[in-house]
Amino acid sequence: MSEQSIIFFDIDGTLLDHNKEIPASTKKAIFDLRERGHEVAIATGRAPFMFEDIRKELEIDTYVSYNGQYVVLRGEVIYTNPLNPDALKTLTETAIEKENPIVYMDADDMHSNVPEDHEYITTSIKTLQVGKFPSFDPSYYQNRDIYQCLLFCLEGAEQQYEADFNDFDFIRWHPMSVDVLPSGGSKANGISKITDKLGFPRERQYAFGDGLNDVEMLKQIYNSVAMGNGEEEAKAAARHVTKNVDEDGILHGLQMVGLLD
């Protein structure tokens, strides 16, 4: 058996194909990695409650969620990085003035600050196919740790938020929505909490991703692989580019880097 490595997989567009399903070749590859003694983990922008089914199906209990703000190693929370509550209050007030809805997300649930089904919220969250939509609770962010917000605004509107809020990073994931993260927070930072604790040297760290929120991870991880269906920025950041997710891209990428035959 080759030396033990750790492999991080993004979810949407990486583990999941365009139908939000795990390709059979990907599932088999994940189990083959584990049988060879490798550590398999997830690195996603999703909340923990948005991929419980995937963790169960793939038998994965190590993950970086909320783009690095909530990190779990073998079932144990080892790192959290919540949003600054004072800055979040100001962000909320500004977003209300601009009529940009917000969804607040902690470790267990999500709630929005608008009472009705807002077109931006339903349209964008529907694309995740998680079977769950936020309920109305405009004070949900108060007196609790919020790890990520979804700010709903059209492309370009986030630029003013970026100029006004130094405490946050704004990363677009949908034409109608951006992730709001603690400034400097990233999947790369969350991953380092796991790799440092487990002691994996850089040459035995691998990561697969496709999106803008994967760029830092793909730059940091020595053996990084972008999906063929990925954003151009992700491909440019990665050491390797594999096939599309629905063309056995995960299996092909793992073979490309020598982890599987």
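The values are calculated or read from the model by the stated rules, or taken from the named source; none is laboratory data. In this text the structure is predicted, and so the values were computed from the model without any measurement. Methodologically, a virtual Cβ is constructed for each residue, glycine included, from the backbone with ideal geometry; neighbour enumeration extends over all protein chains shown. Heavy atoms of the whole protein, side chains included, go into the accessibility calculation; ligands, DNA and RNA do not. Shrake-Rupley method; radii C 1.70, N 1.55, O 1.52, S 1.80 Å.
With charges set only on the Cβ (+1 for Lys and Arg, -1 for Asp and Glu), what does the dipole of the chain come to about its Cα centre, in debye to the nearest 20?
840
For the stretch 149-261, what is the percent of antiparallel DSSP beta bridges, rounded to the nearest 5?
Antiparallel bridges: around 60 percent, rounded to the nearest 5.
Which order do peptides 206-216, 171-181 fall in by mean Cβ count within 10 Å, highest first?
Result, highest mean Cβ count within 10 Å first: 206-216, 171-181.
Which entries in the list 89/235; 197/219; 132/243; 187/243; 27/126; 98/193 go over 28 Å, if you measure between the two C-alpha atoms of each?
The answer is 89/235; 132/243; 98/193.
Give me the 1.4 Å probe accessible area per residue for the chain, excluding ligands and nucleic acids, in Å².
Value returned for the chain: 44 Å² of accessible area per residue.
Report, in whole Å, the centroid distance computed from the Cα atoms of the stretch 101-146 and the stretch 212-234.
Comparing the Cα centres of the stretch 101-146 and the stretch 212-234, I get a distance of 28 Å.
Could you check what % of the DSSP bridge pairs in the chain are antiparallel, to the nearest 5?
55
Starting at the first residue of the stretch 213-224, write each ³J(HN,Hα) from the Karplus equation 6.51 cos²θ - 1.76 cosθ + 1.60 with θ = phi - 60°, in whole Hz, x for Gly and Pro.
These are the phi-based 3J(HN,Hα) values: 6, 9, 4, 4, 4, 5, 6, 6, 6, 4, 9, 9 Hz.
For n ≥ 4 DSSP H runs only, could you compute -39500 (n - 2.57) per run for the chain, divide by its residues and tell me the 222 nm figure to the nearest 500? Don't jump to the answer; show the numbers that get you there.
Numbers: 9 runs with 80 residues, N = 261.
Roughly -8500 deg cm²/dmol at 222 nm, from the helical runs in the chain.
As I understand it, the dipole of the chain uses +1 on the Cβ of Lys and Arg and -1 on the Cβ of Asp and Glu, about the Cα centre. Which of 64, 252, 15 lies farthest toward its positive end?
Of the candidates, 252 comes out farthest on the positive side.
Express the carbon and sulfur contribution to the solvent-accessible surface of the chain as a percent, rounded to the nearest whole number, probe 1.4 angstrom.
Here it works out to 41 percent.
Mean-square fluctuation check for the chain, GNM, Cα pairs under 10 Å: which of 163, 87, 238 is largest?
163
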